[in-house]
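Report on one structure; see the data block that follows.
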Amino acid sequence: MKILIITGKQAYSKVKDAVKKYNFIDVHEATVSIAAFLTPNMIIKEIKMLENIKNDKLCNIYDYILITGLVRHDLSKVYDETNILCYKSTREASDIPLLIDNLNEISLSTTDYADNQITKFVKMKAEQEINEIELTPIIDNSGKENIIIGNLKVGSRYPMRILGEIIHTPWLSDKELEEKITYYLNSGADMIDLGMISNENHSNELKRIINIARDLTDKPISVDTLNTKELITAIKLGVDMILSVDGGNSEELIPYLKDSNTTAVVLPTNYKLNSVPETIDNKINQIEKNIKKLMDNNIQVVADPILEPINNNGCNFTESIIACKLFKEKNNIPMFFGVGNVSELFDADSNGVNATLTAIGSEIGANILFTPEASGKCKYSIKELKIASKMMFLAKKRKSLPKDVGFDSINYKDKKFDEIITFKNYNNIPIIEAKENNKQILDEGSFKIELDRKNKQIIAIYFDRRKTPQLIIKGSSSKEIYDTALEHNLIKKIDHASYFGRELQKAEIALKIGKKYNQDFELFYNEFWK
């Protein structure tokens, strides 16, 4: 095989360095400074120039050509004109070796950057690795370390499972509950937890609530309450797991649990006596005592030593981590890890918090990661935990750092930061300092921009000068909306077009990242961004 890479002047040395170990690759420096400026016609011109130099057709020398950088055009025209295949390479020079090493697995494209193919391939291989483990049967001599809850394998042999809690389910209509369960399932939840309401008894609602969940999924269903009547009802209705059993309710629950297939999540508490252990030793001693009662009756259990909020009174976050670690070292049974206890009570974006807590959970032997998505800052927590769980499982399995494993939680920044800067090269042209023009010139009509988060769409309501609504444009991207507005001649003035495009882009970003959008207000408005 013989490959030619064409790049711009700025990236030439980087590309040369990236491929120096491959003796079948040549690199050509095009006459443009930046590869992103290359067009199909310019590439054809470069090819013909090289053919004159080599006195031969490039299709006789090379199997194909790769073009690096952010080339925006379809490159199929190059083959039509030169008879040599021409594909888009990676956007970053440093990623070229990954492309070359996996060429047999990747479908090169004239329109799609190879990065996308590499990402898909690496992720696919990672998924295959996880799926192979998922298919393996439980092998556990003790019968306690790896268990089956419903139809789900849980334990140290498998990735940490994500249990998504839906809070206050009795207060939700059937439709609201269905939508929430569907959203959790689409986010990657392995188990659905139906949260009840503190200090209330909704036993009579449980059949309806559980039936809705069962109609939507065959994944394990748990009921979350400390109300003993609700727990007994849930067991009788055949739920896969109950949250939670402790020293105060275990005696009443054991007779029902003994004759069921319901797994019990066990706490170190006795809420009937308002007893909550505040030291590491007490946590471990109490949970072991509570667990022993159930295991003596052959009841399947998951231990929840309770992950405490950061800066908690009594046993704090760090001490609770130590308690979890020591408990797991002494007791070879699945362990529950209440991530939401931390993320929901911590004023920080959930993405990094969830990734870090998942990593801690992996190191100390957690098996079920539990969270609601109760607050706005914790939106997408289930999806974040699911990805982090896969990342940590692969890192642990491969005995590697949680880096370059096929999954990542880098959603708001960039792993590689290599911006192309050219303005410093232009020394002999005028510089104009920008300033805002507060003068407003009204167009014939105006738009009110909103988000339909349920359908993942941007909504633009068009009003005439009398503020009477005339029509609605809806679409999934800002470009779809403003292209349609221009097509229907709804924007006449350039300043209105600029404003409309800016607001639509803000709306699209807000829709993607779960940020609140209000027209005319900044997306990132707090002190951090000043």
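The values are calculated or read from the model by the stated rules, or taken from the named source; none is laboratory data. Owing to the predicted nature of the structure, the values given are computational and were not obtained by experimental measurement. With ideal geometry, Cβ positions are generated from the backbone for all residues, glycine too; neighbour counts draw on all protein chains shown. Heads up: the accessible areas ignore ligands, DNA and RNA and are worked out on the full protein's heavy atoms, side chains in. Shrake-Rupley method; radii C 1.70, N 1.55, O 1.52, S 1.80 Å.
Only one residue in K175, K180 is open to solvent by 20 Å² or more (accessible area, probe 1.4 Å), touching a strand residue (DSSP E or B) at 6+ places or on another chain (Cβ under 7 Å) and more than 18 Å from A366 (Cα to Cα), so which one is that? Going through K175, K180 in turn, the sole match is K180. Selection within the range 228-241: residues that are touching a Ser or Thr at 6+ places or on another chain (Cβ under 9 Å) and either among the acidic types (D, E) or closer than 15 Å to T269 by Cβ (or both). The member of this set that is most open to solvent (accessible area, probe 1.4 Å) is D240. With respect to the conditions (1) open to solvent by 30 Å² or more (accessible area, probe 1.4 Å); (2) closer than 29 Å to E178 by Cα, T262 falls short on a single one, namely (1).
Counted as qualifying within the range 1-111 are the strands (runs of 3 or more DSSP E) with 1 or more residues that are surrounded by 13 or more Cβ atoms within 10 Å (Cβ to Cβ), basic (K, R) and without any contact (Cβ under 8 Å) to a residue 40 or more places away in the chain, namely 85-88. Restricting the range 345-356 to residues that are in contact (Cβ under 8 Å) with a residue 40 or more places away in the chain and outside any loop (DSSP other than H, G, I, E, B) leaves a set whose member that is least open to solvent (accessible area, probe 1.4 Å) is N354. On the stretch given as the range 309-323, residues that are in contact (Cβ under 8 Å) with a residue 40 or more places away in the chain and in a loop (DSSP other than H, G, I, E, B) total 0. The residue list P137, P159 contains one member that is in a loop (DSSP other than H, G, I, E, B), farther than 29 Å from L66 by Cα and open to solvent by 70 Å² or more (accessible area, probe 1.4 Å), which is P137. Give me the residue from the range 265-279 that is open to solvent by less than 90 Å² (accessible area, probe 1.4 Å) and hydroxyl-bearing (S, T, Y) and, out of that set, nearest to I147 (Cα to Cα). Result: T269. The numbered conditions (1) open to solvent by 30 Å² or more (accessible area, probe 1.4 Å); (2) part of a helix (DSSP H, G or I) are all true for D115 except (1). Look at (1) over 18 Å from the mean Cα position of the chain (by Cα); (2) more than 21 Å from E92 (Cβ to Cβ) and you find that A395 fails only one, number (1). Given the criterion within 30 Å of F528 (Cα to Cα), over 21 Å from the mean Cα position of the chain (by Cα) and open to solvent by 20 Å² or more (accessible area, probe 1.4 Å), identify the matching residue among N298, N282, N313. The conditions single out N313.
Does S477 count as among the small types (G, A, S) and either touching a Pro at 6+ places or on another chain (Cβ under 9 Å) or closer than 25 Å to L442 by Cβ (or both)? No; evaluated as a whole, the condition is false for this residue. Being over 22 Å from K328 (Cα atoms), polar (S, T, N, Q) and without any contact (Cβ under 8 Å) to a residue 40 or more places away in the chain holds for only one residue in N151, N186, and it is N186.
Just so you know, in the range 505-530 the residues that are hydrophobic (A, V, I, L, M, F, W, C) and crowded, with 16+ Cβ neighbours inside 10 Å include one that is nearest to D452 (Cα to Cα), and it is L511. Close Cβ contacts (under 9 Å, 6 or more residues apart or on different chains) running from residues in the range 507-530 that are more than 21 Å from E480 (Cβ to Cβ) to residues that are open to solvent by 50 Å² or more (accessible area, probe 1.4 Å) and outside any loop (DSSP other than H, G, I, E, B) comprise K516/G376; E522/W529. Would you confirm whether any residue within the range 335-344 is in a loop (DSSP other than H, G, I, E, B), of a type outside the set (S, T, Y), open to solvent by 10 Å² or more (accessible area, probe 1.4 Å) and at pLDDT 95 or above? The answer is yes, given that some residue of the range 335-344 is in a loop (DSSP other than H, G, I, E, B), of a type outside the set (S, T, Y), open to solvent by 10 Å² or more (accessible area, probe 1.4 Å) and at pLDDT 95 or above. Test each condition in (1) closer than 30 Å to F336 by Cβ; (2) in contact (Cβ under 8 Å) with a residue 24 or more places away in the chain; (3) in a loop (DSSP other than H, G, I, E, B) for A388 and report the one that comes out false. Here A388 meets the rest and fails (3). Considering the range 364-390, the residues that are under 12 Å from the mean Cα position of the chain (by Cα), open to solvent by 20 Å² or more (accessible area, probe 1.4 Å) and of a type outside the set (K, R) include one that is farthest from K516 (Cα to Cα), namely I387. Being modelled with pLDDT of 95 or more and either under 32 Å from the mean Cα position of the chain (by Cα) or crowded, with 19+ Cβ neighbours inside 10 Å (or both) narrows it down to one residue among S244, S222; which is it? Testing whether each residue is modelled with pLDDT of 95 or more and either under 32 Å from the mean Cα position of the chain (by Cα) or crowded, with 19+ Cβ neighbours inside 10 Å (or both) leaves just S222. Just to be sure I understand the filter: pairs with C-beta atoms under 6 Å, separated by 6 or more residues or on different chains, first member in the range 156-177 and over 10 Å from L194 (Cβ atoms), second member modelled with pLDDT under 95. Which pairs pass? Every condition considered, the pairs that remain are S156/E145; R157/N146. Looking across the range 151-175, just one residue is among the small types (G, A, S) and within 15 Å of P372 (Cα to Cα), and that is G164. If you go through the range 288-306 and keep only what is touching a strand residue (DSSP E or B) at 6+ places or on another chain (Cβ under 6 Å) and either part of a strand (DSSP E or B) or within 19 Å of V339 (Cα to Cα) (or both), you end up with V301, V302, A303, D304.
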